[in-house]
Amino acid sequence: MSHPYAPPMVPTSIDGLDNVLMGGFLRGGFYLVQGDPGSGKTTLALQYMQSRARAGERCLYVTLTEDRSDLEQTCRAHGWSLEGLEVRDLTRQLDDQRDLVFDPADTELSELMKIVQEEVERVGPAHVVFDGLSELRLLSGDPLRYRRQLLALKHFLAERHATVLLLDDRSGSFEGVQPESLVGGNILLERSLPAYGRARRRLVVTKIRGCHFREGYHDYEIVMGGIRVHPRLVAGEHQDQFVGALCPSGVPNLDKMLQGGLSAGSTALLLGPAGAGKSTLSVQFVVNALKRKEKAAIYVFDEVMHILIDRSEKLCFGKPGGFRSYVEEGLLHAQQVDPAEMTPGAFAHEVRRVVEAGAKLVVIDSLNGYLNSMPEERFLTTHLHELFAYLNQKGVLTIIVVAQHGMAMGSNPLAEVDVSYLADTVLLFRYYEAVGEVHQAISVFKKRTGPHDRTIRQLKIDSAGLYVGEPLRELRGILTGVPQYGNGMQGPGLSSDSGSKSMER
């Protein structure tokens, strides 16, 4: 239920921005939108005005920087038009001024503001965009005159109860004169270029008088159709009640090691060298969940999607259509992520979307690809902590894959991983050598949500599926990579045939 004293709000109809502003713009508010060229100020203003025009409200767009043809080109790029908007192009008005005797502040500025006032009186708009605060600043020539002119414009539009957006590219600013102090709300758009990949954009709301908003930086992108904002994920806002349950893998000996399976609402870390079976095991949990008609999502950073699908077919056990059929049925969302094109905020927003659509299991393969592909992004582990906390509170089982360097693990397998504290369960994968063959082993390192088996077992993956064997009690030193029999003599280990006999699907 809304607060009885809540001020009237105007929705922006910009995806995600209303969430950041907690409803939209205050009706009759005076807002400043700042940003460098290319940050999307004009796109944001046009997108907002398009929505208000569709709602049947009168809108006036005054431009001092981009002429009408520039605005039309921006609209065409997003499938819009200027139809329904009153556009007053004053760029030619500035170009036509030829008086070189008097100070522009005494002639051009007063003439310009007179035209703006006449247009407002003629149109009677409920919403006004003034695109050209930097031009106003240059024409003023003096900090005091600029401040007084901005205050006069504010009072004039406030008397007519118009909701106003001022666009400023922050060029030619006066030291000591901060327009933020004169407006009721301020939105700052930032654009930066990483060493590789597309431009990164983010916005921050620094103030809104008389209204709450979501603080901090929020990633956004400019796509076909306008601006799409990805509000910063705050896990504390999503405290859902869910029934705790175990999610089995469908592999009997593995579920025995986990005392029934992985817990819903927890995070599991699969840790080991490349090729040890981490990704296949994560898909095994996914396939078993899909068989229970539970929705799942897989985000792949390190490999091409068709390779993941092809090597996962053996886990579907003859299901018609195999792994792809689950995607077609809408039970599985499988996405190859290009981190050069997707920001951490956009990725968190995508995961949140599939969870709200009903996904109960999310796999991130791998964390290495996520972290290493965006080395210039700060606080990635903080992003992950918030994301995992959100998933846990929504009752989602999260499986993250982490590849370690090297083939054989030493005595401290977690030395290279600084995110293991985020995981409730850690499964360790090993290679070990016996009689000229390389074998794989699996063990449960920790499980916060309940008891677990501490044995080390052989893991085998072949064309028929994934298998886990009985405990390798006759061997010691498996973690070193070269095991020995308990009496100190190197034993034959497990051959392919003997290993298969001890396996259980």
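Computed FRET efficiency, Cβ-Cβ of Val223 and Thr480, R0 45 Å: what is it to the nearest 0.05? The pair Val223/Thr480 has a calculated efficiency of 0.30.
Amide H contacts for Gln336 (H built 1.01 Å from N in the peptide plane; partners 5 or more residues away or on another chain; cut-off under 5 Å): Val300. For the chain, a simple Cβ point-charge model (Lys and Arg +1, Asp and Glu -1, everything else neutral) yields a dipole of about 2040 debye relative to the Cα centre. What the phi angles of region 322-335 give under the Karplus curve with 6.51, -1.76 and 1.60, with θ = phi - 60°, is a coupling list of x, 4, 5, 5, 5, 5, 5, 6, x, 7, 10, 10, 10, 9 Hz, glycine and proline written as x. Give me the net charge for the shell around Arg58: Cβ to Cβ below 15 angstrom, other residues only, Lys and Arg +1, Asp and Glu -1. With Lys, Arg at +1 and Asp, Glu at -1, the net is +1.
In the chain, taking the dipole from charged Cβ atoms about the Cα centre, the farthest positive-side position among Trp80, Pro8, Thr267 is held by Thr267. Only one of the listed values, [x] 26.6; [y] 23.8; [z] 24.9, was derived from the coordinates as Kirkwood radius over Cα pairs in Å; which label is it? Step by step, Kirkwood radius over Cα pairs in Å for this structure corresponds to label [x].
Simple spin-label estimate for Ser181 and Glu121 gives 3.2 nm between the two label positions (7 Å along the Cα-to-Cβ direction from each Cα). The relative contact order of region 246-429, computed from alpha carbon pairs under 8 Å that lie at least 6 residues apart in sequence, is 39 percent.
Amide H to amide H distances under 5 Å link Phe25 with Val10, Thr12, where only residues 5 or more positions off or on other chains count and H is placed in the peptide plane.
A simple rule links phi to the HN-Hα coupling: the Karplus curve 6.51 cos²θ - 1.76 cosθ + 1.60 with θ = phi - 60°, which for region 235-249 gives 4, x, 8, 10, 9, 8, 8, 9, 7, x, 8, 9, 10, x, 8 Hz, with x for Gly and Pro.
Between the listed residues His439, Gly28, Val62, the Cα displaced farthest toward the positive end of the dipole of the chain, a dipole computed from Cβ unit charges relative to the Cα centre, is found at His439. Projecting the Cα atoms of Asn186, Leu139, Tyr217 onto the charge dipole of region 9-232, computed from C-beta unit charges around the Cα centre, puts Tyr217 farthest toward the positive end. Extension gain for the segment Tyr196 to Arg27, taken as residue separation times 0.36 nm less the Cα-Cα distance, is 56.7 nm to one decimal.
The modelled label-to-label distance between Ser81 and Phe379, using points 7 Å beyond Cα along the C-beta direction, is 4.4 nm.
Across the chain, the relative contact order, built from alpha-carbon pairs under 8 Å that are at least six residues apart, equals 14 percent. Rounded to the nearest whole Hz, the Karplus-based 3J(HN,Hα) values (6.51 cos²θ - 1.76 cosθ + 1.60, θ = phi - 60°) of region 301-309 follow the sequence 9, 9, 9, 6, 4, 5, 5, 4, 5, with x at glycine and proline. Inter-label distance, Asp89 to Leu151: 3.6 nm, where each label sits 7 Å from its Cα along the C-beta direction. Protection proxy ranking, highest mean first, for peptides 178-189, 422-433: 422-433, 178-189, where packing is the per-residue count of other beta-carbon atoms within 10 Å, averaged. Compute the FRET efficiency between Phe213 and Gln241 as 1/(1 + (r/R0)^6), taking r as their Cβ-Cβ distance and R0 = 30 Å, and round to the nearest 0.05. E between Phe213 and Gln241, to the nearest 0.05, is 0.60. Only DSSP H runs of four or more residues enter the estimate; each adds -39500 (n - 2.57), and after division by the residues of the chain the mean residue ellipticity at 222 nm equals -8500 deg cm²/dmol.
Could you tell me how far the Cα centroid of region 220-276 sits from the Cα centroid of region 119-171, in Å? Taking the Cα centre of each part, region 119-171 and region 220-276 sit 49 Å apart.
Read-outs throughout are calculated quantities, based only on the coordinates presented, and are distinct from any laboratory measurement. All values reported here derive from a predicted model rather than from experimental measurement. No Cβ is skipped: glycine too gets one built from the backbone with ideal geometry, and neighbour counts run over all protein chains shown.
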